[in-house]
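The values are calculated or read from the model by the stated rules, or taken from the named source; none is laboratory data. None of the values given here were measured: they were computed from a predicted structure. Virtual Cβ from ideal backbone geometry, glycine too; neighbours counted across all protein chains shown. Just so you know, the surface numbers come from the protein's heavy atoms only, side chains and all, with ligands and any DNA or RNA stripped out. Shrake-Rupley method; radii C 1.70, N 1.55, O 1.52, S 1.80 Å.
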Amino acid sequence: MSQLRPSTVILPIHRWAEQGREMWRQAEELGFHGAYTYDHLSWRTFRDGPWFGALPSLTAAAGVTSRIRLGTMVTSVMPR
């Protein structure tokens, strides 16, 4: 039987120095298997506020976590 591994989504709307760092640390401290963020350019209800890039957010999260898996919910590949 498979083991349930709960994960969470952290929207990239939090400034790193204000709440962003703590959101990722808290996800790990709460025991989540993974934490993911969106790779969209914006989100409908958040279009007038801050929306940070997925890869810089994940890079910063990797610097403050050690066990949790990190990833994107959606990754868009742009053809050249």
Review point. Which percent of the accessible area of the range 1-46 is formed by carbon and sulfur heavy atoms (probe 1.4 angstrom)?
Key: 50 percent
Review point. Given R₀ = 30 Å, FRET efficiency for ASP48-ALA17 by Cβ-Cβ distance, to 0.05?
Key: 0.90
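Suppose a student asked you for the relative contact order of the range 28-79, using Cα pairs under 8 Å spaced at least 6 residues apart; what percent would you report?
That works out to 56 percent.
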Check your understanding: Roughly how many debye, to the nearest 20, is the charge dipole of the chain about its Cα centre, given +1 on each Lys and Arg Cβ, -1 on each Asp and Glu Cβ, and no other charges?
Key -> 180 debye
**Study point:** Accessible area of the chain divided out per residue, in Å², using a probe of 1.4 angstrom
**Key:** 77 Å²
Exercise for review: Subtract the Cα-Cα distance of VAL64 and SER2 from 0.36 nm times their separation in residues, and report this length gain in nm to one decimal.
Suggested key: 19.4 nm
**Study point:** Per-residue [θ]222 nm for the chain (sum of -39500 (n - 2.57) over DSSP H runs n ≥ 4, rounded to 500)
**Key:** -7500 deg cm²/dmol
Review point. Local charge sum around TRP16 (other residues, Cβ-Cβ under 13 Å, Lys/Arg +1, Asp/Glu -1)?
Key: +1
